[in-house]
1. Got a sec? Which of I117, I110, I106, I49 is at pLDDT 80 or above and farther than 30 Å from G184 by Cα?
2. Within 30 Å of F211 (Cβ to Cβ) and either crowded, with 17+ Cβ neighbours inside 10 Å or among the aromatic types (F, W, Y) (or both) - does that describe any residue in the range 167-176?
3. How many residues does the range 132-162 hold that are open to solvent by less than 40 Å² (accessible area, probe 1.4 Å) and in contact with a Gly (Cβ under 8 Å, 6 or more places away or on another chain)?
4. Kindly evaluate F147 against the criterion of being part of a helix (DSSP H, G or I) and more than 30 Å from N79 (Cβ to Cβ).
5. I want to confirm something. Restricting to the range 33-43 and keeping residues that are surrounded by fewer than 14 Cβ atoms within 10 Å (Cβ to Cβ) and among the hydrophobic types (A, V, I, L, M, F, W, C), which single residue is modelled with the highest pLDDT?
6. Specify which of the listed residues (T133, T154, T171) is under 19 Å from T203 (Cβ atoms), of a type in the set (S, T, N, Q) and not in a helix (DSSP H, G or I).
7. Of all residues in the range 116-131, which are open to solvent by less than 60 Å² (accessible area, probe 1.4 Å) and without any contact (Cβ under 8 Å) to a residue 60 or more places away in the chain?
8. Does L193 meet the test of being exposed (fewer than 14 other Cβ atoms within 10 Å of the Cβ), over 21 Å from the mean Cα position of the chain (by Cα) and at pLDDT 90 or above?
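The values are calculated or read from the model by the stated rules, or taken from the named source; none is laboratory data. Please read all numbers here as calculations on a predicted model, not as lab measurements. Here the Cβ positions follow ideal geometry from the backbone for every residue, glycine too, while neighbour counts run over all protein chains shown. What goes into the accessible areas is simple: the full protein's heavy atoms, side chains included, and nothing from ligands, DNA or RNA. Shrake-Rupley method; radii C 1.70, N 1.55, O 1.52, S 1.80 Å.
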Amino acid sequence: MRDLEFTENDKFELVYDIGAGIMAIMAVLVVMLQFSNGLNEVEAKIIKIVDSIIYIIFIIDFCIRLFTCKNKQLFFKRNIIDLIAIIPYGLFSSSAYGSAFKLIRIVSYILRLIGNIKEVLFTNGFIYALGSTVIITFLGSVGIYIFESGVSETIVDYGDALWWSFVTVTTVGYGDISPTTTGGRFIACILMLAGIGFLSMLTSTISTFFFSAIKRNDNREKDKEAVNNRCILDISDLRKEERINLISYYNFLKNGEP
């Protein structure tokens, strides 16, 4: 979890990480939608408003953590990606290099998202399952395009193949695109099995992550309680024999052994 200096509540930090991750996902999707030329005027306006709200939230979040941290220099070193993410790229979106600035925003938001969920990614080796699923999805899209292009009426170009592959591996299955060849159906079976395995791994990873976070929080509370209940006695003025007897009695009370 991200270490927040303005609170020592682990549960709040966990909720913060989840919220920050969701906001980062929304930010990526919003900027990607801005690349689309199929949005009407109303949709484009809504997307712009949502983008502005997310951007303001990121700025407020960065400023709060900056002003509450003790070591400002260390804070900037640890949060370079967050700083890049709040650069006002929107001011340059209408320029000749507007698409490049949008791409930079997407990359910065993705890196921010990875930073927020990196602990989840490495829980149970989930990052390997995610990487394998992504590779299988793209290979499946290539395979289905090879088998179905020119045969199926629903798969006209690679974009259709990639959409079908993504829908299949997530086990959504809209049914708008379906393979008709034997090779295409074989690939569909592989993608469906991979999707089921990935979703099972995702559920297990999230459960393990939350359980571990709660357990760490309980251990920290116990450690704090142990420190608060700790009593320090000064026995330097006692004679050696008295110190030995006192230590022996303490061991007897603690362990039941002299």
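1. Going through I117, I110, I106, I49 in turn, just one is at pLDDT 80 or above and farther than 30 Å from G184 by Cα: I49.
2. yes
3. The total comes to 5.
4. Against the criterion (part of a helix (DSSP H, G or I) and more than 30 Å from N79 (Cβ to Cβ)), F147 qualifies.
5. V42
6. After applying the criteria, what remains is T171.
7. Those that are open to solvent by less than 60 Å² (accessible area, probe 1.4 Å) and without any contact (Cβ under 8 Å) to a residue 60 or more places away in the chain: L121, G125, I127, G131.
8. Against the criterion (exposed (fewer than 14 other Cβ atoms within 10 Å of the Cβ), over 21 Å from the mean Cα position of the chain (by Cα) and at pLDDT 90 or above), L193 qualifies.
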